[in-house]
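S.K.: Before I ask anything, let me first share the structure, which is written out below as structure tokens.
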Amino acid sequence: MARKSKKREAGSGTIYKRKDGRWQGQYVSGRDPITGKLLRHSVYGKTQKEVATKLRDATANIDRGTYQEPNQITIATYAQEYFSICAVNLAHSTQVTYQKILGKTIFFPRSARSS
């Protein structure tokens, strides 16, 4: 008697072992509205079971409608938002110092400044 093949459910994602020994799972969250290409995302883990759990959670969120697409926020934007939240608890001189540091390193790094 022929063996029945184990076929995955459509939309359940893909799991495979990488060359570095870690496991990777990929799932599709939809299509890009401009290009029409599939939006593929990856989850990683040390074991196949760990990745399968993460993959199941991600696809369940998509099915429930609670999935939130990873945003493409820049470090500069994040730093500015974080600083504005934390600034209320800082002394004025500390705020000025932090703004200078952020300005030199994040907002206007040396490579972007004209000499």
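S.K.: Given axes a ≥ b ≥ c from the Cα gyration tensor, I'd like to know whether the stretch 14-64 is rounded (a/c under 1.5), prolate (a/b larger than b/c) or oblate. Don't skip to the end; give the middle numbers.
M.R.: Working: a/c = 4.22, a/b = 1.63, b/c = 2.60.
It is oblate, given that a/c is not under 1.5 and a/b is not larger than b/c.
S.K.: By count of other Cβ within 10 Å, fewest leading, how are I34, I73 ordered? Mind showing how you got there, number by number?
M.R.: Numbers: I34 6, I73 9.
So the residues, fewest neighbours to most, are I34, I73.
A short reminder: the numbers here are calculations on the coordinates, not readings from a lab. Computed from a prediction, not measured in an experiment: that's the story for all the values here. Neighbour counts run over all protein chains shown; Cβ positions are idealised from the backbone, glycine included.
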